[in-house]
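Enquirer: Sharing a structure, written as structure tokens. Questions coming.
The values are calculated or read from the model by the stated rules, or taken from the named source; none is laboratory data. Keep in mind the model is a prediction, meaning the values are calculated, not measured. Because the Cβ atoms are built from the backbone with ideal geometry, glycine has one as well, and the counts that use them run over all protein chains shown.
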Amino acid sequence: MPQLLSPKTLAACFGVAERTIYNRHSMGRDLPPAIKLGRLVRFHLADVNAWLDAKRQAATSSLPASPPQSVSQEAKAGPMRSRGPSR
């Protein structure tokens, strides 16, 4: 039998409030596919893992192909700060 996760468990895994899971589900927002068991909402663990893998792949594929240009020493030091009036 597949393992089913409750919204409370899923929220704890993602570090969000349980209400966020319910809100996203009811509004059709970004969540793994859910199933309804009567009035209960549950998530297959395999669906959650597949959804997370797809998110990871999308995040890594959107990274730039070439590394960013080197930063000069002045830019690394940050903006110059005023020390106040000099004497």
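Enquirer: May I ask you to list pairs of residues, at least six apart or on different chains, whose Cβ atoms are under 9 Å apart, with the first in segment 12-33 being in contact (Cβ under 8 Å) with a residue 24 or more places away in the chain and closer than 13 Å to residue 48 by Cβ and the second being surrounded by fewer than 13 Cβ atoms within 10 Å (Cβ to Cβ) and of a type in the set (Ser, Thr, Tyr)?
Expert: Pairs that qualify, where the first residue is in contact (Cβ under 8 Å) with a residue 24 or more places away in the chain and closer than 13 Å to residue 48 by Cβ and the partner is surrounded by fewer than 13 Cβ atoms within 10 Å (Cβ to Cβ) and of a type in the set (Ser, Thr, Tyr): there are none.
Enquirer: Do you know which residues across segment 28-51 are basic (Lys, Arg) and out of contact with any Leu (no Cβ under 7 Å at 6 or more places or on another chain)? Can you show your working first?
Expert: Applying the first criterion (basic (Lys, Arg)) to segment 28-51 yields 29, 36, 39, 42.
Answer for segment 28-51, where residues must be basic (Lys, Arg) and out of contact with any Leu (no Cβ under 7 Å at 6 or more places or on another chain): 29, 36, 39.
Enquirer: Continuing with the same structure: Return the residues of segment 34-63 that are without any contact (Cβ under 8 Å) to a residue 24 or more places away in the chain, part of a helix (DSSP H, G or I) and surrounded by 13 or more Cβ atoms within 10 Å (Cβ to Cβ); say none if nothing qualifies.
Expert: If the condition is that a residue be without any contact (Cβ under 8 Å) to a residue 24 or more places away in the chain, part of a helix (DSSP H, G or I) and surrounded by 13 or more Cβ atoms within 10 Å (Cβ to Cβ), then 47, 50, 51, 52 are the ones that fit.
Enquirer: Please state which one of 42, 83 is out of contact with any Pro (no Cβ under 6 Å at 6 or more places or on another chain), at pLDDT 95 or above and of a type in the set (Lys, Arg). Talk me through it step by step, then tell me what you get.
Expert: Values: 83 fails: at pLDDT 95 or above.
Result of the check over 42, 83: 42.
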